[in-house]
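The values are calculated or read from the model by the stated rules, or taken from the named source; none is laboratory data. The model shown is predicted, which means the values in this text are computed figures rather than measured ones. Glycine also receives a Cβ, built like all others from the backbone with ideal geometry; neighbour counts cover every protein chain displayed. SASA here: full protein model, heavy atoms, side chains in, ligands and nucleic acids out. Shrake-Rupley method; radii C 1.70, N 1.55, O 1.52, S 1.80 Å.
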Amino acid sequence: MPKLTIDGIEIEVAPGTSVLQACEQLGIEIPRFCFHERLSVPANCRMCLVEMERSPKPIASCAMPCGDGMVIRTDTEVVHKARKGVMEFLLINHPLDCPICDQGGECDLQDQAMAFGFDRSRYAENKRAVKEKNLGPLIKTFMTRCIHCTRCIRFADEIAGTPELGATGRSEQMEVGTYIEKAITSELSGNLIDICPVGALTSKPYQFNARPWELRKTETIDVLDAVGSNIRVDARGGEVMRVLPRLHEDVNEEWISDRTRFACDGLRRQRLDRPYVRCDGKLRPASWDEAFAAIAERLEGLDGSQIAALAGDLCDAESMLALKELMAALGSANLDCRQDGAALDPAARAGYLFNTTIAGIEQADAILIVGANPRWEATMVNARIRKRWLMGGLSVGVIGPNVDLGYRTDHLGAGPQTLQELAAGDHAFAKTLAKAERPMLIVGMGALARPDGAAVLAAARSAAETFGLVKEDWNGFNVLHTAAARVGGLELGFVPGEGGRGTAGILDGARNGEVKLVWLLGADEIGADRFGDAFVVYQGHHGDRGAHRADVILPGAAYTEKNGTYVNTEGRPQRGKQAVFPPGEAREDWKILRAFSDRVGRTLPYDSLEQLRGHMAQVAPRLARIDEIEPAEWQAFGKAGKMDAAPFASPVEVFYMTDPISRASATMAKCISQIVGEGEKRTGTDG
């Protein structure tokens, strides 16, 4: 452990710690542009210069490892003069764009110029101009502002795994770009905006929309996938202006996916802002009383077996609990939160959780991915796998779609047969799993949301036990969800009760007339023709598939418009917070259900969110332990049986549109036309 002295203070640090990091441990702020904690160290901006005893000139503190007996000074005249000189060089060609730059107020260069910049320029030469680069529909470039810190290049290469950015030319002629002009194809490209220390890379959809000091900032949780990324929602008035990442080392670190960041414009499009009732085949606006009366009238004379409820993928735990208890009060055991029909056993937690945890991926030395495309289904999980792969010593095998995940994989096969061969030890990758000290298996919805999903789950469990994935201090069996509401629904028991129907049974009953009324709580992934002549109540926030089929529409609140509890794929409960109010007459989902229960004489026993959460803590105590993961006991799950030979297919066909919010987003539509569409074009002279 090297000991050194910084500004007269002695400190002992871990081997490999840089001088810059040692300074920060003492609370000494060192200015920097190129250095980033999660990227390699290029030491090319020279802003972090400090004075070291016996060194003939200042050193770059980000690239200098601490040594025993070092004496560092960070607040001397030499240091200040060096930093002012560096800042003067950086500003030689930088345009005076601060009044119109979207980075204004959040710009590292602006902040450092205030601290170390001169009040005049000594250079009379013309400023250079650099042509803008077209990086696609998400990132706006102003490359004249670029200071060549290379953060964007290193992020694309190291974190995103899509080395599409690079530098051409040298010195003043150096330019950062994509060599051949094209849209960036990474699902993490929006993070380039965050790491750019100047205004060279800004958000194209957000361009010229607002200033940071105009925005109301709310820390909440993303629900557009099952990772539960921590985000900050910036709103002005009743409109969400942008979504930014929030630091959570165990979930998303400091990154978010492009869908999480840019689909927020879908929150204000195709919204349901008033109740509707279908009359003579057409939906017409109605009052809340009329909507409730229409549902209550239809419920008259129905017994519990003729009523059913399905919860969608974006629901909060509070609303699912309220709907479950409303159905129980009506005598119905027909309910399910698995609208895709995934074969998950709610009685066995280990059979539906990401047991290793997302942070635990960094300890694995072999990973088998079955029926999943984590790059599209859970981008932040895929980024964590790539992070582990870059450390070295990780083997990744894939059974299912053969896609580029951003790291080296061995494609073992396409379907269940390969999984059986692997479990029997008849595959070369079986030896890799057997030798691994901490092996992992990741099963996706592409393997479980099939008619033979229960058999696939049983086969995956058998493989996990065969290769010793489950040990006293390690559980390598993982289910990768795509729906933010799924684990919360399973924890609450939003599944068929005794004698009740699941998703398939509800749809069959609706088609043959046995189920007369179906309540959809944000369930938008089921075709309208699958409900037969049943009376459909849709409670949700967008005019999506569920609303098109509905006989009564009850306008609910989107995730940014309500306080709610969400449980991510690893079983971590997190609280989302209200950033804006729902539009028009829309209301929070649990309030709608509470009001309707009173209308039909089945009043739910809570009048406030606090009372509902207190009740939920009694029903499912784990949901009250926010941001804590409770390990699951290993037990039998799945149902052994014959598996279909059909290959596994990812449930996510297009990354940019997976839910009602992203399907309503104009930005996501542009991504499909400019990124997906361009990628599918044929190359060569044949067009």
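For the range 30-167, report the accessible area per residue in Å² (1.4 Å probe, heavy atoms, rounded to an integer).
Details: 6660 Å² over 138 residues.
Heavy-atom SASA per residue in the range 30-167 reads 48 Å².
How charged is the neighbourhood of ASN252? Take every other residue with its Cβ under 10 Å from the Cβ of ASN252, and add Lys/Arg as +1 and Asp/Glu as -1. Could the numbers behind the result be given before it?
Details: positive: ARG246, ARG384; negative: ASP222, GLU249, ASP250, GLU253, GLU254.
So the environment of ASN252 carries a net charge of -3.
At q = 0.17, 0.19 Å⁻¹, work out log10 I(q)/I(0) for the range 248-352 with the Debye formula, treating every Cα as an identical point scatterer and leaving solvent out; two decimals please.
Log-scaled intensity ratios, in q order: -1.15, -1.25.
Tell me which of PHE142, LEU480, SER673 sits at the most positive position along the dipole axis of the chain, charges placed on C-beta atoms (Lys, Arg +1; Asp, Glu -1).
Of the listed residues, the answer is PHE142.
Starting at the first residue of the range 82-94, write each ³J(HN,Hα) from the Karplus equation 6.51 cos²θ - 1.76 cosθ + 1.60 with θ = phi - 60°, in whole Hz, x for Gly and Pro.
Listing the rounded values in order: 5, 5, 5, x, 4, 4, 5, 5, 5, 8, 3, 9, 6 Hz.
Over the Cα atoms of the range 330-451, what is the Rg over Rh ratio if Rh follows Kirkwood?
On the way: Rg = 15.7 Å, Rh = 15.5 Å.
Rg divided by Rh gives 1.01.
Measure off, as a whole percent, the carbon and sulfur share of the 1.4 Å-probe accessible area of the chain, all protein chains present. List each step's numbers first, then the result.
On the way: 13740 of 28150 Å².
Carbon and sulfur together cover 49 percent of it.
With +1 on each Lys and Arg Cβ and -1 on each Asp and Glu Cβ, and nothing else charged, work out how big the dipole of the range 87-175 is about its Cα centre, in Debye to the nearest 20. Working shown, then result.
Details: 11 positive and 14 negative charges, 59 e Å.
For the range 87-175, the charge dipole is close to 280 debye.
Determine, at each q value in 0.05, 0.10, 0.11 (inverse angstroms), the log₁₀ of I(q)/I(0) that the Debye formula gives when each Cα of the chain is one equal point scatterer.
Here the Debye-derived log intensity ratios amount to -0.28, -1.02, -1.17.
For the range 349-391, which trypsin sites (Lys or Arg not before Pro) are both in a DSSP coil and crowded by at most 16 other Cβ atoms within 10 Å?
Working: sites: ARG349, ARG375, ARG384, ARG386, LYS387, ARG388; in loops: none.
When the trypsin sites (Lys or Arg not before Pro) of the range 349-391 are filtered for loop state and at most 16 Cβ neighbours within 10 Å, nothing remains.
Can you pull the accessible area of LYS282 for me, 1.4 Å probe, Å² to the nearest 10?
Looks like 150 Å² after rounding.
To the nearest 10 square angstrom, what accessible area does LEU490 show with a 1.4 Å probe?
The accessible area comes out at roughly 10 Å².
Check cross-link reach from LYS431 to the lysines: straight Cα distance under 24 Å, and skip same-chain residues fewer than eight apart.
LYS431 reaches LYS387, LYS471.
Using only the Cα atoms of the range 54-95, what do you get for the radius of gyration and for Dmax, in Å?
According to the Cα coordinates of the range 54-95, Rg and Dmax are 13.0, 43 Å.
Once you've got the Cα coordinates, tell me which of LYS133/LYS217; LYS204/LYS562; LYS84/LYS204; LYS140/LYS182 are over 22 Å apart. Mind showing how you got there, number by number?
Details: LYS133/LYS217 31 Å; LYS204/LYS562 28 Å; LYS84/LYS204 32 Å; LYS140/LYS182 13 Å.
Exceeds cut-off: LYS133/LYS217; LYS204/LYS562; LYS84/LYS204.
Give me the accessible area per residue for the range 343-418, probe 1.4 Å, as a whole number in Å². Show your work: numbers first, answer last.
On the way: 2200 Å² over 76 residues.
With the other protein chains kept in place, the range 343-418 gives 29 Å² per residue.
Heavy-atom accessible area of ILE629 with all protein chains present, probe 1.4 Å, nearest 10 Å²?
Rounded to the nearest 10, that gives 60 Å².
In Å and whole numbers, how far do the C-alpha atoms of the range 29-159 stretch along each principal axis, longest first?
52, 39, 25
Keeping all protein chains in place, calculate the accessible area per residue for the range 225-296 (probe 1.4 angstrom), answer in Å².
Working: 2700 Å² over 72 residues.
Roughly 38 Å² per residue, with all protein chains present.
Is it possible to state the helix-based mean residue ellipticity at 222 nm for the chain, with each DSSP H run of 4+ residues giving -39500 (n - 2.57), the sum divided by total residues, to the nearest 500 deg cm²/dmol? What is it? Intermediate results must be reported in sequence, preceding the final value.
Working: 22 runs with 178 residues, N = 687.
The helix-only estimate for the chain comes to -7000 deg cm²/dmol at 222 nm.
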